[in-house]
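Colleague: Got a structure here, written out as structure tokens. Questions coming.
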Number of protein chains: 2
Amino acid sequence: MTSPVGLHRVLDPVGVLPQAAWRLDPYAPLGDDEVRIRVERLNLDAASFRQLSEKHGGDGAAVRAEVLEIIGDRGKMHNPVTGSGGMLIGVVDEVGPATPLPVKPGDRVATLVSLTLTPLVVEDGLAGWDGRGEQVPCTGHAILFARSVVAVLPEELDPRLSLAVLDVCGAPALTSRVVRGYRSPSVAVLGGAGKSGSLALAAARRAGAGRTVGVVPVPAERDRLAAAGLATEVVLADARDPVALAAAVTGALGGPADVTVVCVDVPGCEHGAILATADGGTVIFFSMATSFAAAALGAEGLAADVTMLVGNGYVPGHAELALDLVRQDTGVRALFEARVAAD
Amino acid sequence: MTSPVGLHRVLDPVGVLPQAAWRLDPYAPLGDDEVRIRVERLNLDAASFRQLSEKHGGDGAAVRAEVLEIIGDRGKMHNPVTGSGGMLIGVVDEVGPATPLPVKPGDRVATLVSLTLTPLVVEDGLAGWDGRGEQVPCTGHAILFARSVVAVLPEELDPRLSLAVLDVCGAPALTSRVVRGYRSPSVAVLGGAGKSGSLALAAARRAGAGRTVGVVPVPAERDRLAAAGLATEVVLADARDPVALAAAVTGALGGPADVTVVCVDVPGCEHGAILATADGGTVIFFSMATSFAAAALGAEGLAADVTMLVGNGYVPGHAELALDLVRQDTGVRALFEARVAAD
């Protein structure tokens, strides 16, 4: 019997879980509780794509070559610098007889576990990708374990739209849970015009938030987010500048935030988020660029009595909640459609 | 007026908070709201000391030279590899007229904010330290800001004992708060025989935990922790081996833990902690060796509905709680006295 968490596909170092492994085996025969997917598209994690793109100065061919090298070396798309991956969509190809996953051959699905633990083979050299966007057309195969999470894509939505939504569906689900733990809390979302940020704002409103503020770094994003109508206020600030950020949030909300959600995929936002949050409040870190030590020591150094959550990408019902928000909230939907069209 | 969070002492890069800075200025004249301490002893963060000691193969003179170089270069003891610092004790030397801190000249105090944000000058070349332990006798001065946290040391306790306790006093305070959020939860503490681990176990018991398990890596620690009587069960396991760790915890508690506290100062314990925790449970990461990405992606990859907390070193009342536990809990006291004597 194969391992429900995929231990049998770990090649190096042996004994760790697939996400911690340097290298996975994507070629072993399909286990009884595994599922094989024909891959159609990868969606790279925003922090990973940004790191690769900046490293290569925006040279798409070089980015593509490095992504191919990573997948070839590691048997998975696991950026060794950022530690992050992304997700994929494809069509179910073969289903082991003992799988607990609710899929059948022919289903178009998205994987909701990270690419950092998903065995993956690319067969087309990523020939259809110019290396300049997070969404990567791809022919190949991937393996799901018994304890993976997978969503069948809704037929009425563009698959690229669904993929973009599902990639960040943990953010609105956890934001919703945290907001419900307060009474009409004020909520600040750093990176409010982005994918996870806009969904977090929509989820906060639905969960009963009071005043909300979306913080964005450039006027174009401010205008887009204001037009979407997702936040009470939209303000411009550099989330890496703690003093400026705290002033912007406090000004917009009339005081520090009860709940601060960090959706900015650049390093150095921990201190600003803490400084912008009220005593007794909660900071949720969704950015993969978050530094654990900076958060822990920052709160201590500021004598800040805030609860700090590692943004868990899995919350039960997360895919359904996020897809529902995009179906029903025209502001979120417009932001996502514009982003997918531009990608 | 000087900044309550110390912005005026940041030399490079300008505009960030002191903890994020590469270099601080410990020489500027004392501000109206600042306090200067004559330093007597540094207590290096365990992860920092371990990294330095391993890098130099246990060569104490080389470790001492590198600590001196870090403090000289940065104006603070901020290990650039681990990102962590530690704390210090000393005697209050001068108090600015506008300080809100409850201290007066002559008070023997411990700083409860990290050394990573505390301006520091060493004047004796650390001549009294052999480079082989975390506690560093030291002559020099340090600066506290208005928003620092400082505790006057109890006269009836050995200052080295108080320092060792206060260094980790965030752990019992946050553990206590989380345990009170459940009804008689089962609690697992990884690294239960260490400083933060033993205090977390004692705090969990006082806060109403049900069954508890202390996980330790070697038989000597198992025997010490069992003798201290702090946990229902004490088990041997390598916290970096997720499958073995989960089996050990589940075996000891009769199921996964409701609350798992990570106090092991080595990298790679995130997945085991998540796998050992029940759905709906909470993992508190106190180790500075924690990887944010490994925790976030690990929980997602395991489809684990667990709340993951960044261990905030500041919780109101933390110093009082920790000192009280050491005064009243003979098991904790014995562990700390043995550790201080061996140091």
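Colleague: Amide H neighbours of residue B:86 under 5 Å, counting only residues 5+ apart in sequence or on other chains, H built in-plane at 1.01 Å?
Modeller: B:45, B:115, B:116
Colleague: Another question about this same structure. Long-range amide H contacts for residue B:40: which residues qualify at under 5 Å (H placed 1.01 Å from N, peptide plane, sequence gap of 5 or more or a different chain)?
Modeller: Placed amide hydrogens put B:89, B:90, B:91 under 5 Å from residue B:40.
Colleague: Here's another thing I want to ask about it. With all pairs of different alpha carbon atoms counted, what Kirkwood hydrodynamic radius in Å does the stretch B:141-283 show?
Modeller: It works out to 15.6 Å.
Colleague: Which far-off residues, 5 or more places away or on another chain, put their amide H under 5 Å from the one on residue A:134, with H placed in the peptide plane?
Modeller: none
Colleague: Now, a different point. Of all the accessible heavy-atom surface of the protein assembly as shown, with the other protein chains kept in place and a 1.4 Å probe, what percent is carbon and sulfur?
Modeller: 51
Colleague: Which whole-Hz ³J(HN,Hα) couplings does the stretch A:6-23 yield from phi under the Karplus relation 6.51 cos²θ - 1.76 cosθ + 1.60, θ = phi - 60°, glycine and proline marked x?
Modeller: x, 4, 5, 9, 7, 9, 7, x, 5, x, 8, 6, x, 5, 7, 6, 6, 9
Colleague: Once you average over the residues of B:15-24, how many Cβ atoms of partner chains fall within 10 Å of each Cβ?
Modeller: Counting Cβ atoms of other protein chains within 10 Å of each residue's Cβ and averaging gives 5.
Colleague: Another question about this same structure. From the mean inverse distance of alpha carbon pairs (Kirkwood) and the Cα radius of gyration, derive Rg over Rh for the stretch B:230-343.
Modeller: Here Rg/Rh amounts to 1.00.
Colleague: Please calculate how many Å² of accessible area the protein assembly as shown carries per residue, with a 1.4 Å probe and no DNA, RNA or ligand atoms counted.
Modeller: Heavy-atom accessible area per residue stands at 35 Å².
Colleague: In degrees between 0 and 90, to the nearest 10, how far off the longest principal axis of chain B does helix B:330-342 point, with axes built from Cα atoms?
Modeller: The angle comes out at about 50 degrees.
Colleague: How about the stretch B:289-316: which of its residues lose at least 50 Å² of accessible area in the presence of all protein chains relative to their chain isolated, using a 1.4 Å probe?
Modeller: Hits at the 50 Å² cut-off: B:292, B:297, B:300, B:301, B:302, B:303, B:305, B:308, B:310, B:312, B:314.
Colleague: Determine the percent antiparallel among the DSSP beta bridges restricted to chain A, to the nearest 5.
Modeller: 55
Colleague: Residue A:334 label points, 7 Å along Cα→Cβ, one per copy: pairwise distances from this copy to the rest in nm, shortest first?
Modeller: 6.9
Colleague: Just counting partner chain Cβ atoms within 10 Å, what average do the residues of peptide A:108-117 show around their Cβ?
Modeller: 3
Colleague: Another question about this same structure. Quick one: label points 7 angstrom along Cα→Cβ at residue A:96, distances to the other copies in nm, smallest first?
Modeller: Going from nearest to farthest copy, the values are 6.3 nm.
Colleague: HN-Hα J couplings of the stretch A:63-75 from phi, Karplus 6.51/-1.76/1.60, θ = phi - 60°, integer Hz, Gly and Pro as x?
Modeller: Per-residue couplings from phi come out as 4, 4, 4, 6, 4, 4, 5, 4, 5, x, 6, 9, x Hz.
Colleague: Follow-up. Can you show me the helix-derived [θ] at 222 nm for chain A, built from DSSP H runs with n ≥ 4 at -39,500 (n - 2.57) apiece and divided by the number of residues, rounded to the nearest 500.
Modeller: -10500 deg cm²/dmol
Colleague: 7 Å from Cα along Cα→Cβ at both residue A:123 and residue A:50: what's the point-to-point distance in nm?
Modeller: 3.5
Colleague: If each label sits 7 angstrom from Cα along the C-beta direction, how far apart, in nm, is residue B:55 from its counterparts in the other copies?
Modeller: 2.3
Colleague: Taking Cα centroids, how far is the stretch A:266-343 from the stretch A:7-74 in Å?
Modeller: 25
Colleague: Counting only DSSP beta bridges with both residues in the protein assembly as shown, what percent are antiparallel, rounded to the nearest 5?
Modeller: Just about 60 percent of them are antiparallel.
Colleague: Residues of the stretch B:147-169 losing 30 Å² or more of accessible surface, assembly versus chain alone, probe 1.4 Å, please list them.
Modeller: B:147
Colleague: Dividing the alpha-carbon Rg of the stretch A:7-153 by 2.2 N^0.38 Å yields what?
Modeller: Against the compact-globule rule of thumb, the ratio is 0.99.
Colleague: Something else about it: Scan chain B and hand back the longest stretch that contains none of the trypsin sites (Lys or Arg not before Pro) lying in DSSP loops with at most 14 other Cβ atoms within 10 Å.
Modeller: Excluding the exposed sites themselves, the longest stretch runs over B:184-343.
Colleague: Using only Cα atoms, figure out Rg for the protein assembly as shown and give it as a multiple of 2.2 N^0.38 Å.
Modeller: The reported ratio for this selection is 0.96.
Colleague: Specify the longest stretch of chain A that does not include any exposed loop site, a site being one of the chymotrypsin sites (Phe, Trp or Tyr not before Pro) with a non-H, G, I, E, B DSSP assignment and at most 16 other Cβ atoms within 10 Å.
Modeller: Looking at chain A, A:28-343 is the longest stretch - no exposed chymotrypsin sites (Phe, Trp or Tyr not before Pro) with at most 16 other Cβ atoms within 10 Å.
Colleague: Please work out the C-alpha center-to-center distance from the stretch B:158-187 to the stretch B:120-134 and express it in whole Å.
Modeller: Each part's Cα centre sits 29 Å from the other's.
Colleague: Continuing with this model, one more query. Provide the FRET efficiency to the nearest 0.05 for the residue B:61-residue B:177 pair, computing r from the beta carbons and using R0 = 30 Å.
Modeller: 0.10
Colleague: Turning to a different aspect of this structure: Per residue, what volume in Å³ does the Cα convex hull of chain B take up?
Modeller: Spelled out: Cα convex hull of chain B, divided by residues, is 129 Å³.
Colleague: Computed on protein heavy atoms with a 1.4 Å probe, what is the summed buried accessible area for the chain pair B and A, in Å² to the nearest 100?
Modeller: 4200
Colleague: Could you tell me which residue in chain A puts its beta carbon nearest the axis mapping A onto B, with the distance rounded to whole Å?
Modeller: Closest Cβ to the A-to-B rotation axis, residue and whole-Å distance: A:292, 2.
Colleague: Separate question: From the phi angles alone, apply the Karplus equation (6.51, -1.76, 1.60; θ = phi - 60°) to the stretch A:29-34 and give each ³J(HN,Hα) in whole Hz, x where the residue is Gly or Pro.
Modeller: Each residue of the stretch A:29-34 in turn: x, 5, x, 4, 10, 9 Hz.
Colleague: Accessible area, 1.4 Å probe, largest first: how do A:152, B:149 sort?
Modeller: A:152, B:149
The values are calculated or read from the model by the stated rules, or taken from the named source; none is laboratory data. It should be emphasised that the depicted structure is a prediction, and the values quoted were computed from it without experimental measurement. Here Cβ is always computed from backbone atoms with ideal geometry, including for glycine, and neighbour counts include all displayed protein chains. Note: accessible area is taken over every heavy atom of the protein model, side chains too, but ligands, DNA and RNA are not part of it. Shrake-Rupley method; radii C 1.70, N 1.55, O 1.52, S 1.80 Å.
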